[in-house]
1. What is the distance in Å between the Cα centroid of the stretch B:43-86 and that of the stretch A:121-196?
2. Want the number for A:GLU115 to A:SER91: 0.36 nm per residue separation, take away the alpha-carbon distance, what's left?
3. Can you tell me the dipole magnitude for the stretch A:2-181 around its Cα centre, using point charges on the Cβ only (Lys, Arg +1; Asp, Glu -1), in Debye to the nearest 20?
4. Given the Cα-Cα distance of B:ASP74 and B:ASP62 and 0.36 nm per residue of separation, how much length would full extension add, in nm?
5. For chain B, modelled as a Gaussian network with Cα springs under 10 Å, which listed residue fluctuates most, B:GLY260, B:GLY196, B:GLY205?
6. Taking 8 Å as the Cα distance limit and 6 or more residues as the minimum spacing, I'd like the relative contact order of chain A as a percentage.
7. Using +1 on the beta carbon of Lys and Arg, -1 on that of Asp and Glu, and nothing else charged, what's the dipole of the stretch A:83-139 about the Cα centre, debye to 20?
8. Listing B:ILE160, B:ILE119, B:ILE29 from the residue with the fewest other Cβ atoms within 10 Å to the one with the most, what is the order?
Amino acid sequence: MQAETLAGGFDTPAVQSAHAFRGLLEAMARPGTVRQIGGAAPPRPLSPAAGCALLTLCDTDTPVYLAGGADCDAVRAWLAFHTGAPLTGPSHCAFAIGRWEDLLPLSAYPTGTSEYPDRSATLIVDGTDFAKPGAVLRGPGISGQATMALPGIKAFQDNNALFPLGLDFIFAGGSRIAALPRSTKITAPATVTEVF
Amino acid sequence: MTDQAYNFAYLDEQTKRMIRRAILKGLAIPGYQVPFASREMPMPYGWGTGGVQVSAAVLTPDDTLKVIDQGADDTTNAVSIRTFFERTAGVKTTTRTTDASVIQTRHRIPEEPLTDNQILVYQVPIPEPLRFLEPRESETRKMHSLEEYGLMHVKLYEDISRHGHIATSYAYPVKIEGRYVMDPSPIPKFDNPKLGDMAAIQLFGAGREQRIYALPPYTQVVSLDFEDHPFEASKADHPCGLCDATDSYLDEVIIDDTGGRMFVCSDTDYCAARQAAGFKGKDAA
Ligand SMILES: [Zn+2]
């Protein structure tokens, strides 16, 4: 077994996962806000924040889909050792992790059933650049409106249209996270008209 | 220091992960009841084991916890839950609403407006607002999925025809963001207007019935009512006998063996803070 597999977990799991969950909770409760979470050092290409989210939320009860570059030996071994989460394809996963373009299409994931809309996937979108210009968000968790860097607009509007079904998103990049629940309404940022 | 004989916040890590996942789904679908596998807790069900499990999944050692039971910090139930988390999670505790980062409550929302640095955790006995209409879980689940809330309205309207007004004064049903009808737990309907647009995160835990639900901050919450009988957040029409507050929810208490009574704030911290600030009611010593 590689040293990298054994390393990079939480040193004090109960306390570190409590802090990490608090960050995730605040992020999901307040779409558009960005939080720091830490304590994990997962193998590349995962970001520390994405690794931290996996350690906090995943275990033998949560099938995980590794998308694109995240589906490599180092990540597979690390995830198995630290969480025991079984690997699966997108259609049966509880969590998926990867870069946005690798996670697509969103139609591949479970969005819940009308009686159990909670039986839906949570997608961890890694490699997020939080500095990008933001989409405009409205809905539960938001006073008035908020803005947030999103890799697209229509995909999230379509997801919101499924409510109460739908997918929920955690965005990770470096040691930072943000979240977007299915309940959020999204509009494109007002376009800046160039005047010459 | 935490007692090393326990897991952090009593629950094992796998159980906390399961509860944490349910909380995130609850936040993503406001007002929807997420099933979870409730654990045995070292206290009877009536003591809010659902709220205790949610608090256990949310607390960090940096938190300051307040626990209230019908507004009071000093009941046996509130004291024992506070002591439980002092010992198992090493958290600080307080009776002051403004100093708390997490507040676990049974049957009240504090009078002091909560902030965006706070989380309110409700102990819920019966999470299903449709239960009295339909005892079968499979049926109520279907009703929620189809937004079949007509019967609920009929029952409220029957109340009006019988009493001239809606007699339900606790656990008054609310509709969340125009979608799910939710039981706000047995808070007095006086507290219902505080549910909506609140800056704090609200989490609801029902232990025996194994349900978790949630309201993110600034969520739209509407108390069910009718055009000709609008919702009213009623309270006893008196000022508090101790602090003279006219804006707080009051309990009627018997003060001597000759049946003398007075009205006092149910929120003991709110009342004490007002008295400390010099406000004095007619029954104050
Ligand atoms: Zn008072």
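1. Measuring centre to centre over Cα atoms gives 35 Å.
2. Gain in length upon complete extension: 6.8 nm.
3. Taking the Cα centre of the stretch A:2-181 as origin, the dipole is about 500 debye.
4. Full extension of this stretch gives 2.0 nm more.
5. With Cα springs under 10 Å in chain B, the top fluctuation among B:GLY260, B:GLY196, B:GLY205 is at B:GLY260.
6. So the answer I get is 23 percent.
7. 120 debye
8. Fewest-to-most Cβ neighbours within 10 Å comes out as B:ILE160, B:ILE119, B:ILE29.
Where a number appears in this text, it was derived from the coordinates with a stated rule and is not lab data. Since the model is a prediction, treat every value here as computed from it, not as a measurement. Here Cβ is always computed from backbone atoms with ideal geometry, including for glycine, and neighbour counts include all displayed protein chains.
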